[in-house]
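Asker: Could you have a look at this structure, given as structure tokens, before my questions?
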Amino acid sequence: MNAYQFSAGTLPLLLSIPHAGTQLTPEVEAGLSEAARGLPDTDWHIPQLYDFARAMGISVLVGNYSRFVIDLNRPPDNQALYTTATTGLYPETLFDGSPTFAPGKTPTPVQREGYLHHIWQPYHDKIEQELARFRHQFGYALLFDAHSIASVIPRLFDGKLPDVNLGTNDGASCHPELAQQLTACCDAQSQFSWVLNGRFKGGYITRAYGKPQENQHAVQLELAQCHYMDEHPPFGWREDKASSLQPLLKQLIETLLRFGKSR
């Protein structure tokens, strides 16, 4: 199984994109419910939205498999990250609460153990390898975990989600000064609403690899999809909207890089 795509950069920042994958294993593809067949909970077009990152010299890691096979942003022991409604390492429901699999079609425990070893583990091994390389070469490491979600999902949150949702695990995954600089960047513009550590505080990747005491800083960004794509099937890319959002995304990444150089 080819678990991910990776392009190496020259700067000490890794852009992780775990939920843009659409590949399925044969048993998952055969077992998906009708509601899940269109892969509605995918972080559609996120690699395209951040296509400027490679030109900046940033390393980019993109998961190939759908989160319906295994969720790369959940802990391997499948412990819940939130006390509110969420999905697990092997999602049994869609974000709206519909079943992911048709009755009796869920992959077996043995098959799922294979997904853990051959899809989840290689992705996380690569994160660890890159962050270790950064620390060795530069003395510090930066991780930006990029996500998106439909702007309205009543089961997961009330009302409409803010446009830009920064997560630092309530301040545990990065230095407070970095969080302050990122929020100042958001506050300096008025086009997009934003929040720090709101409904999305950071998933397993942010929590596991954010170690500011070791000069390794991790931030998650959850974007409302309405600002760069159509939120309904066929989930089309919207260049007219994306071009307005990308400058802010680039500013946030530049803020991380400036912070790293100052350490």
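The values are calculated or read from the model by the stated rules, or taken from the named source; none is laboratory data. Because the structure is predicted, anything quoted here is derived from the model rather than measured. Please note: Cβ atoms are built from the backbone with ideal geometry, for glycine as well, and neighbour counts cover all protein chains shown. We work out accessible area using only protein heavy atoms, side chains counted, and drop any ligands, DNA or RNA first. Shrake-Rupley method; radii C 1.70, N 1.55, O 1.52, S 1.80 Å.
Asker: So, Thr106, is that one open to solvent by 50 Å² or more (accessible area, probe 1.4 Å) and either in a loop (DSSP other than H, G, I, E, B) or out of contact with any helix residue (DSSP H, G or I) (no Cβ under 6 Å at 6 or more places or on another chain) (or both) or not? If you could, list the steps in order and put the result at the bottom.
Answerer: On the way: open to solvent by 50 Å² or more (accessible area, probe 1.4 Å): yes; either in a loop (DSSP other than H, G, I, E, B) or out of contact with any helix residue (DSSP H, G or I) (no Cβ under 6 Å at 6 or more places or on another chain) (or both): yes.
Yes; evaluated as a whole, the condition is true for this residue.
Asker: May I pose another question? Can you name the residue in region 17-48 that is within 19 Å of Pro99 (Cβ to Cβ) and hydrophobic (A, V, I, L, M, F, W, C) and, of all such residues, is surrounded by the most Cβ atoms within 10 Å (Cβ to Cβ)? Walk me through how you get there before you give the answer.
Answerer: Residues of region 17-48 that are within 19 Å of Pro99 (Cβ to Cβ), as a first pass: 24-25, 27-42.
Now drop any that are not hydrophobic (A, V, I, L, M, F, W, C), which leaves 24, 28, 30, 32, 35-36, 39.
On the way: Leu24: 17, Val28: 24, Ala30: 12, Leu32: 20, Ala35: 15, Ala36: 21, Leu39: 17.
Only one residue tops the list, namely Val28.
Asker: Same structure again: Which residue out of Phe138, Phe134 is touching a residue at least 40 places away in the same chain (Cβ under 8 Å), closer than 19 Å to Thr255 by Cβ and open to solvent by 50 Å² or more (accessible area, probe 1.4 Å)? Talk me through it step by step, then tell me what you get.
Answerer: Working: Phe134 fails: open to solvent by 50 Å² or more (accessible area, probe 1.4 Å).
Only one candidate passes the filter, namely Phe138.
Asker: Six or more apart or on different chains, Cβ atoms under 9 Å: show the pairs whose first residue is in region 165-183 and open to solvent by less than 10 Å² (accessible area, probe 1.4 Å) and whose second is in a loop (DSSP other than H, G, I, E, B) and of a type in the set (Val, Ile, Thr).
Answerer: Cys174/Thr168; Leu178/Thr168; Leu182/Thr168
Asker: Just for region 217-249: of the residues that are under 16 Å from the mean Cα position of the chain (by Cα) and assigned to a helix (DSSP H, G or I), which one is surrounded by the fewest Cβ atoms within 10 Å (Cβ to Cβ)?
Answerer: Leu249
Asker: Can His124 be described as open to solvent by less than 80 Å² (accessible area, probe 1.4 Å), in contact with a helix residue (DSSP H, G or I) (Cβ under 9 Å, 6 or more places away or on another chain) and not in a helix (DSSP H, G or I)? Explain how you work it out, then say what you get.
Answerer: Values: open to solvent by less than 80 Å² (accessible area, probe 1.4 Å): yes; in contact with a helix residue (DSSP H, G or I) (Cβ under 9 Å, 6 or more places away or on another chain): yes; not in a helix (DSSP H, G or I): no.
Answer is no for this residue.
Asker: Report, by residue number, each residue of region 184-199 that is surrounded by fewer than 16 Cβ atoms within 10 Å (Cβ to Cβ) and under 14 Å from Gln220 (Cα atoms).
Answerer: Selection gives Gly198 alone.
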